[in-house]
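Worksheet: the structure to be examined is printed underneath.
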Amino acid sequence: MAVIVNREVDKLQPFLTTLLLAAPLLPLLQNLPRGNVVIGFQLLSSIAIQWYVAIRASVLSAIGTLTTARIFVFSFYYVSSGLAVEMSFLLNYHSGLDFYANMSQLNTSLMYSFVSLIILDFALPNSEIKLTSFQSKITPNIIFKLNILLTFILLALYIADTGISAIISSREAVSNNIAGGALASGNIAISGLYISATKIFPLITTAYALIFRKSFTHNIRFLIYLNLILLLLVNNPISTPRYQLAIFAVVIGYSLVPFEKNRNLKHLVSLVLFIVVIFPSLDFGRHSLKANKSFDISVTFKELALKDFDQVLMGAFTLSAVKENKQLFPIGKQILGETGAFIPRSFWKNKPLDSSISVARHFNLKNENLSIPLWAEGYMSFRLLGAITFPLILGLIFRKITKAVNPLNFFVFQSFLLGSVFIILRGTLMQFSGLLFAALLSITLMNRILVQR
């Protein structure tokens, strides 16, 4: 069962709290010599959000309730609603796309972003399911072993159909090969189902197998680790979108290593540093011509505003689109496309487009791959009610998982959601819904096998 464990305050906590409070001033110090710093509402609000995260995380760390979910949520908002907004303000709200966006709704967007943070913070549980003694309490049956073998076949199929050269070349090469392959037939929904079957199902199955690896024979354990090697190949950072890479890393990490200790402020600071310094450079394999892009520390903060963590800017853009064209975004329409993302358009001709495509086309943008944050997705579907309930639902899902009667049934699902937090909060939901559907099916199947042991 999930429990709350009070513990002594880490000796480094005062220093780490000070670091989190001081970090918002770095963009200002970086731009002061240029004389172009004008204090404004957005700048002060973004700093206030970061200070809220720093103080709130410090308190939760001291009492032992700074869970992994909160660390992921806090780090996302600390960067996207904090550092990224500061740099956007200093760059005159440049979004990094092919336009300078109309930011008339920026103040409202920043407010919604902060409200969604508050809602999520207090909806999340104060404890989490931790992997402790699950690993040896099962006798594997033949169906379990057959699923491990099926995982190997599916991974081998994906590698053979996509091509090794594409997998180690770029995301662009992989997407082109999958879209033009015989199994995908150029259909986006079918391509998504194909990726779910050949990447998500093997990931979930291997995660369960790793949890119970001590109960398997030597030959089955060899196959499990072979599957893990193949998963490392197909999820390498060159050809894998970063949100899928995060899902893979967290799910496999939780399955390999028993996480028994509580989180603390060191984990939050480490994740923030990773997001700021390393995360932007993991996009080096997006296009074949840019596969060798090098890391440049001089543009670290600037990158946050130009892409990846522009959720406040994109939220403002979404608010403007809905305000200007309510007929394009009627209440209740967008959520239908997200829940039915796996249904091919050949069967559902009027299926709503991805929210980013609709917003981009409203403003006649060439780039239709925008990030629409979770609260903005909610606003697009149900206006103010959706902006409040979408973050609330995410927090309550984690709370429900923590209070499960049989935590094993939800442990892998919890790790999958943890790895997905950034893509859920950043958007778009339609990009993630197909993966979520595949994960839920796979987890349900594995749980039924475990129950029937």
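Read the figures in this text as sums done on the coordinates, not as results from a lab. Being a predicted model, the structure only gives us computed values, none of them experimental. So basically every Cβ, Gly included, is an ideal-geometry build from the backbone, and we count neighbours across all protein chains shown.
Shape class for segment 192-246: prolate, because the ratio a/c of the largest to smallest gyration tensor axis (alpha-carbon atoms, square roots of eigenvalues) is 1.5 or more and a/b beats b/c.
Sparse packing (at most 15 other Cβ atoms within 10 Å of the Cβ) combined with a DSSP loop state is found for the following trypsin sites (Lys or Arg not before Pro) in segment 311-379: Lys326, Lys333, Arg345, Lys349, Lys366.
Sorting the segments 307-320, 59-72, 415-428, 15-28 by their mean number of nearby beta carbons within 10 angstrom, highest to lowest, gives 307-320, 415-428, 59-72, 15-28. Working from label points 7 Å from Cα in the Cα-to-Cβ sense, the Phe284 to Phe347 distance is 4.1 nm. Here's the list of aspartates and glutamates a cross-link from Lys403 could span, going by alpha-carbon distance under 18 Å and ignoring same-chain residues fewer than 8 apart: Asp121, Glu128, Glu260. In segment 300-404, a dipole from Cβ-located charges (positive for Lys and Arg, negative for Asp and Glu) runs towards its positive end, and of Phe309, Ala387, Leu365 it is Ala387 whose Cα lies farthest in that direction. Fully extending the segment from Asp161 to Ile229, taken as 0.36 nm per residue of separation minus the present Cα-Cα distance, adds 22.7 nm. The Cα-based radius of gyration of segment 300-453, divided by its Kirkwood radius, gives an Rg/Rh of 1.02. Loop-located trypsin sites (Lys or Arg not before Pro) in segment 371-416 (DSSP state other than H, G, I, E, B) with a sparse environment of at most 14 neighbouring Cβ atoms within 10 Å: Lys403. Taking θ as phi - 60° and the Karplus parameters 6.51, -1.76 and 1.60, the scalar couplings of segment 22-27 work out to 8, 4, x, 7, 4, x Hz in sequence order, x denoting glycine and proline.
Projecting the Cα atoms of Pro352, Ala321, Ile449 onto the charge dipole of segment 314-453, computed from C-beta unit charges around the Cα centre, puts Ile449 farthest toward the positive end. Cross-linked pairs Lys130/Lys400; Lys307/Lys351; Lys302/Lys323; Lys11/Lys302: Cα-Cα separations exceed 23 Å for Lys307/Lys351; Lys302/Lys323; Lys11/Lys302. Centroid-to-centroid, using Cα positions, segment 345-410 and segment 415-430 are 10 Å apart.
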